[in-house]
Amino acid sequence: MTTATTRTSRTPPVGSGAPAVRLSSPAAQPSLPSLTGLRWMAALLVFGLHVHNFGYFGGTGGRLVSWGFGAGATGVSFFFLLSGFVLTWSARPGDRALAFWRRRIARIYPVHLATLAVAFLMAYTLTHQARPTAHQTLANALLLHSWWRPWWQTLNPVSWSLACEAFFYAAFPALILLLRRLGARGSTALGALSVAAVMVLAWAEAHHWWTRSVYSFPAARLPEFVLGAVTARLVLLGRWRGPGLEASLALAVIGYFLVPQVTPGYSATVCTIAGFALLIPAAAVADLRGLPSLWRHRPMVRLGELSFAFYMIHLLVLRAATSVLGTKPRFGVLAGMAVTTAAFAVALALSWALYEGVERPARRLLLRRRPARRPRTIPPPQPDAAPLRQPEAVPAPDPPGGGGAGG
C-alpha cells in the first residue's frame, strides 16, 4: 500500500521522443495523483466483496452485488502491482536497504498494529469470534502469517496482504538494483517472465499440483509486484508504449468481469493482470502529460490517501456488525443499501481517524531525523571589558661584562 504524490517541476512527456525521465532523488519525481485515486477504487472493490460475503443482500440485490463485486478480491492484485510501480518510481539512487525498510515500516506498521489491537480486543469481547492462539497472534504481529495456511485468516484477515508486502519490501533492494542494470529490453523480458509465472502458477493450482492454495502465499504473489516495478522502470526510461488511459481501463474492466469464468482463487489473477498492468502506467503517463484523468480529482486523491486505513479497518467493522445483524441477514434491496451505507460510513470515519491519529503522526515520529551532533569547541578567551592601563616600558639592564649589542 503506497502513494505517489511527490511534488516537483514539470517533466517532459513520456514515450513521445522526449528525453527519458532519470531518477535522481524523490524531489525530482513528478506527482502521480491518479495512482492515489486508483488505490481508492481497488479498496472499494474489496469492501464490496466483503459486503457480498457477509450476506447483506438477498434475492435480486444479492445477485447484483455478486455480479458487481464477486471478483473484488482482484483489488488486492491491483495493490501488489501498484506497490511495485510506486516503489520503483520513488526509489532513491544510492539508498541503503536499511533506510528503505525503515520508511516502509513507518508506512504500514503503525496502522497494522492499531488494527491488530482492535481485532484482538474484538476476539475476546464479542460473541462468535474465534480466539487466536499465541503463535497466531505473534505471526500476525510480525507479518509472517501468510506463509502458513492455518494462520493466514486470523485476527484481522485482510492483513494477509501485508505479509506479502513485507516479503516484497525485503526483496526490493535487490530488484531495483537488477532493474537498473537490465535496461529497457532486459526489464521488458523480466516483465514477460513475471506474466508467464502468473500463468504457470494459476494453471498448476487449477490442476491441483499444489497441496495448498497459493492465493495468499507471498512468493506466489511476487511476480505481480515485479511486473509493477518493470512498468515503472519503462516509464522512467521513456520506453513505455502501452495504450492510453481509456483503453487500459476498458481492458481492466473486461478482465474483471471475466473472473467468474475461471477457477476461484489465484486463477482470477490471470484475468486481470494484463489490464491492471496497462492501467497503472497509463494513469501515470496521463499525469506526466497533463491529460484528463478522473482519478486525479481532489476527492478521489483524498479518498486514496485514506484507502490503506480503510482497507485495514473495514472488515473489522463488518465483523463487529454481526453481533447486531446476525450472520448473513439477506436483507432486501432498501434495507441492504441502508445497512451497507451505515457500515461504509463507520469504516470511512474510522479510516480518517486512523490516518490522522495514527498513520501520519507515527510516520513523522519514526522518520524524524535526529539532530547531528556538533563537535565541542572551546571558545577563545574573551578580553576584559575595561583592560587595565599598561605600565610604561623600562629599559632592560646591560648584560654583565659587556657593552652594547656588538661588543
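The values are calculated or read from the model by the stated rules, or taken from the named source; none is laboratory data. Bear in mind the structure is a predicted one, so any value in this text is a computation, not a measurement. Glycine gets a Cβ as well: all are built from the backbone with ideal geometry, and neighbour counts include every protein chain shown. Calculation scope for accessible area: heavy atoms of the full protein, side chains included, ligands and nucleic acids excluded. Shrake-Rupley method; radii C 1.70, N 1.55, O 1.52, S 1.80 Å.
Residue-wise test of (1) open to solvent by 40 Å² or more (accessible area, probe 1.4 Å); (2) touching a residue at least 12 places away in the same chain (Cβ under 8 Å); (3) in a helix (DSSP H, G or I); (4) closer than 30 Å to THR231 by Cα.
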| residue | (1), (2), (3), (4) |
| --- | --- |
| ALA252 | no, yes, yes, yes |
| VAL259 | no, yes, yes, yes |
| PRO264 | yes, no, no, yes |
| SER307 | no, yes, yes, yes |
| VAL317 | no, yes, yes, no |
| ALA321 | no, yes, yes, no |
| LYS328 | yes, yes, no, no |
| GLY357 | yes, no, yes, no |
Please state which one of LEU182, LEU201, LEU177 is surrounded by fewer than 20 Cβ atoms within 10 Å (Cβ to Cβ), more than 21 Å from the chain's Cα centre (by Cα) and assigned to a helix (DSSP H, G or I).
-> LEU182
Would it be correct to say that ARG92 is closer than 18 Å to LEU236 by Cβ, in a helix (DSSP H, G or I), among the charged types (D, E, K, R) and open to solvent by 10 Å² or more (accessible area, probe 1.4 Å)?
-> no
Across the range 188-198, the tally of residues that are over 14 Å from PHE225 (Cβ atoms) and either of a type in the set (Val, Ile, Thr) or surrounded by 15 or more Cβ atoms within 10 Å (Cβ to Cβ) (or both) stands at 1
Can you run down the residue pairs with Cβ atoms below 7 Å, 6 or more apart or on separate chains, where the first is in the range 65-82 and under 13 Å from ASN53 (Cα atoms) and at pLDDT below 95 and the partner is assigned to a loop (DSSP other than H, G, I, E, B) and open to solvent by 10 Å² or more (accessible area, probe 1.4 Å)?
-> none
Restricting attention to the range 225-248, does a residue exist that is modelled with pLDDT of 95 or more, outside any loop (DSSP other than H, G, I, E, B) and open to solvent by 70 Å² or more (accessible area, probe 1.4 Å)?
-> yes
For the range 144-168, what are the residues that are outside any helix (DSSP H, G or I), among the hydrophobic types (A, V, I, L, M, F, W, C) and within 21 Å of THR74 (Cα to Cα)?
-> TRP152
Total residues in the range 165-174, condition buried (at least 22 other Cβ atoms within 10 Å of the Cβ) and more than 13 Å from ARG104 (Cβ to Cβ) = 0
Could you tell me whether any residue of the range 267-283 is open to solvent by 70 Å² or more (accessible area, probe 1.4 Å), aliphatic (A, V, I, L, M), farther than 16 Å from GLY70 by Cβ and touching a helix residue (DSSP H, G or I) at 6+ places or on another chain (Cβ under 7 Å)?
-> no
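Residue-by-condition table, conditions (1) under 30 Å from HIS207 (Cα atoms); (2) acidic (Asp, Glu); (3) in contact (Cβ under 8 Å) with a residue 40 or more places away in the chain:
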position: SER267; (1), (2), (3): yes, no, yes
position: ALA283; (1), (2), (3): no, no, yes
position: GLY290; (1), (2), (3): no, no, no
position: HIS314; (1), (2), (3): no, no, yes
position: THR341; (1), (2), (3): no, no, no
position: ALA345; (1), (2), (3): no, no, no
position: ALA362; (1), (2), (3): no, no, yes
position: ARG369; (1), (2), (3): no, no, no
Looking at THR127, is it in a loop (DSSP other than H, G, I, E, B) and open to solvent by 20 Å² or more (accessible area, probe 1.4 Å)?
-> yes
In the range 41-64, what residues are free of Cβ contacts under 8 Å to residues at least 40 places away in the same chain, of a type in the set (A, V, I, L, M, F, W, C) and open to solvent by less than 30 Å² (accessible area, probe 1.4 Å)?
-> LEU49
Counting just the residues of the range 217-233 that are under 17 Å from the mean Cα position of the chain (by Cα) and small (Gly, Ala, Ser), which one comes out farthest from PHE79 (Cα to Cα)?
-> ALA232
Every listed condition ((1) more than 29 Å from PRO33 (Cβ to Cβ); (2) part of a helix (DSSP H, G or I)) holds for ARG102 save (1)
Selected residue [closer than 17 Å to PHE276 by Cα and among the small types (Gly, Ala, Ser)] from GLY61, GLY55, GLY75, GLY48 = GLY75
Taking PRO299 as the residue in question, decide whether it is out of contact with any helix residue (DSSP H, G or I) (no Cβ under 7 Å at 6 or more places or on another chain) and either among the basic types (Lys, Arg) or part of a loop (DSSP other than H, G, I, E, B) (or both).
-> no
ALA174 passes all but one of the listed conditions (1) closer than 24 Å to LEU98 by Cα; (2) in contact (Cβ under 8 Å) with a residue 24 or more places away in the chain; the exception is number (2)
